[in-house]
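J.: Quick one: this structure, given as structure tokens, is what I'll be asking you about.
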Amino acid sequence: MQNMFPSEDICAINQLGNQTVKLLKNVQKKRRPVFLISKGKAAGVLMDIDDYERLLELAEFHKALNASLTQADRGEVISHEQALKESKRWIKKTAR
């Protein structure tokens, strides 16, 4: 993963109109987001759709992992054998 230096990828919102296509192509080529500012403050981010979708998937995975850890802390666990059995049953069911 490349280093992120937000100061290199900033665009004022009032400049967005005439530079939108150029900025979007640059975002897709470099795979680096552009941070949009308004009145000197962060206002938004322009990013590649694939990167955005990966970010959403990562957030969902993180949420599921935290929920699993909470369940484990409460003692709500099953054996490895039971997990395999349930996984195989779920795979069979979804393969239909």
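No lab work stands behind these numbers, since they all come straight from the coordinates. Everything numeric here is computed off the predicted structure, so don't read it as measured data. In this analysis, Cβ positions are derived from the backbone assuming ideal geometry, glycine residues included, and neighbour counts consider all displayed protein chains.
J.: What nm distance separates the two modelled labels at Leu69 and Ala43, each placed 7 Å from Cα along Cα→Cβ?
T.: The modelled label-to-label distance comes out at 3.7 nm.
J.: Name the residue from Ala67, Pro33, Gln19 whose Cα lies farthest towards the positive end of the charge dipole of the chain, charges +1 on Cβ of Lys and Arg and -1 on Cβ of Asp and Glu.
T.: Checking the options against the dipole of the chain, the answer is Gln19.
J.: Here's a follow-up. Given bins 5 angstrom wide, list per bin the percent of all Cα-Cα distances in the chain, short to long.
T.: Histogramming the chain at 5 Å steps yields 2, 11, 13, 14, 13, 9, 7, 7, 9, 8, 5, 1 percent.
J.: State the Cα centre-to-centre distance between the range 70-85 and the range 21-38 in whole Å.
T.: For the range 70-85 versus the range 21-38, the Cα centre distance is 44 Å.
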